[in-house]
Amino acid sequence: MNKYKVCVYAICKNEEKFVTKWVNSMKEADKIFVLDTGSEDNSVSLLKELGVVVKKKIIKPWRFDVARNISLNMVDKDADICVCTDLDEILLPGWRENLEKNWEKELNCLFYRYNWSLDKNDVPKVSFYLGNIHDRFHYQWTHPVHEVLSYLGNDEEKIKYTDDITLNHYPDVSKSRSSYLPLLELSVKEDSSDDRNMHYLGREYMYYGKYQECIDTLIHHLSMKKATWKDERCASMRFIGRSYKFLKRYDEAKMWYEKAIKEAPYLRDAYVELALLYYELHDYGNMIKYCHQALRIKEKKDTYINEVFSWDYTIYDLLSIGFFEIEDFEKALFYSKMAVDMEPDNQRLIDNYQIILDTVNRYTD
């Protein structure tokens with residue numbers, strides 16, 4: 001018999017293609033609540049057919065925190081545990097039993113494994129811990145975008161981490177994120193001391209090709225007293241470097257990538273980005289050097305900061321190209337084979353391997 005009343009809550013807009021799979025993964029809960037913020041498809045009817053409690057409300061001006069707080073307020077007041085997810089996320093079966101096992105009476109928040117990015121075989125590419133399982137009355141959502149749960153209790157917040165619960169993310173890449181930049185600008189305006197959203201704003205400027213704004217914002221982020229997490233500081237430095245690269249100011253790009261390496265030498269990402277810069281500059285000696293330095297790092301940290309290209313075939317692809325360009329064909333073939341083994345359906349990698357193999361065969365005939 002279950003010890004706790006567990007409720008799932010979410011927000012929704014035009015998610016009909018996710019509804020059935022999402023509800024099936026959440027139905028281990030006692031009740032499921034969804035706030036629909038203006039769907040024009042069959043999301044609402046599908047949710048209701050599957051037994052979900054649905055409320056509809058248009059939120060103007062749009063803010064994610066407002067929507068999430070309304071959806072949280074839908075949850076029964078006698079709920080013990082609230083689980084917030086999005087409809088493009090799936091909890092792996094057995095999560096309720098594991099939640100019951102891990103939850104403690106005085107606990108406020110439980111952090112669990114979140115696979116933010118997976119490959120086509122459901123192998124995680126970027127994973128970290130997420131804490132959107134919480135008690136009923138001690139939290140509210142804050143920030144217009146990249147919203148977070150803020151603890152409201154007077155006592156010290158009690159949190160716990162577990163690997164027993166896994167949430168997988170299957171994003172709809174066709175959805176626009178055009179609202180993110182103005183919402184991030186609003187978020188920083190509302191709380192200019194929030195280092196996390198300052199970092200996100202700088203990153204968003206980079207995504208939009210506003211490279212000087214990115215550089216200025218992230219330099220400010222690095223000057224903030226609360227900006228002490230080295231992984232995120234390293235990312236800000238990388239994004240500054242990346243912006244300078246796009247501006248073709250290569251010396252400044254190198255400088256910032258080198259700063260990023262010094263800030264967090266235990267992360268691969270800055271080494272790989274610097275290697276990619278040297279590839280663009282046809283400096284294959286330095287490219288090879290930084291690829292090898294990246295490969296010395298064997299441990300992948302559980303953080304959203306991880307770049308997929310630091311742990312996929314990219315390093316081996318660069319090394320195969322670099323060694324081919326300096327005419328060390330045996331090493332080029334070795335690394336090309338490694339790249340193909342990691343990405344066997346990538347035709348470019350297959351073609352490169354064949355070119356290198358043909359070259360090796362010509363030299364050995």
- Query: Do we have residue 270 as surrounded by 24 or more Cβ atoms within 10 Å (Cβ to Cβ), under 27 Å from residue 117 (Cα atoms), within 23 Å of the chain's Cα centre (by Cα) and modelled with pLDDT of 95 or more here?
  - Reply: yes
- Message: Here is a check on your reading of the model: is residue 304 at pLDDT below 95 and either in a loop (DSSP other than H, G, I, E, B) or closer than 18 Å to residue 357 by Cβ (or both)?
- Response: yes
- Message: Any residue in region 227-243 that is crowded, with 24+ Cβ neighbours inside 10 Å sitting within a Cβ distance under 7 Å of a residue that is outside any helix (DSSP H, G or I) and among the hydrophobic types (A, V, I, L, M, F, W, C)? List the pairs, counting only those 6 or more apart or interchain.
- Response: 235/305
- Item | Number of the exception - residue 93 against (1) touching a helix residue (DSSP H, G or I) at 6+ places or on another chain (Cβ under 9 Å); (2) surrounded by 13 or more Cβ atoms within 10 Å (Cβ to Cβ); (3) within 16 Å of residue 22 (Cα to Cα) | (2)
- Query: Just for region 308-345: of the residues that are outside any helix (DSSP H, G or I) and touching a helix residue (DSSP H, G or I) at 6+ places or on another chain (Cβ under 7 Å), which one is farthest from residue 278 (Cα to Cα)?
  - Reply: 343
- Message: If the requirement is being basic (Lys, Arg), open to solvent by 50 Å² or more (accessible area, probe 1.4 Å) and touching a residue at least 40 places away in the same chain (Cβ under 8 Å), which of these qualifies: 289, 248, 301?
- Response: 301
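The values are calculated or read from the model by the stated rules, or taken from the named source; none is laboratory data. Here the structure is a predicted model, which means the values were calculated and not measured. Cβ sites come from the backbone with ideal geometry, for glycine too, and all protein chains shown count toward neighbours. Note: accessible area is taken over every heavy atom of the protein model, side chains too, but ligands, DNA and RNA are not part of it. Shrake-Rupley method; radii C 1.70, N 1.55, O 1.52, S 1.80 Å.
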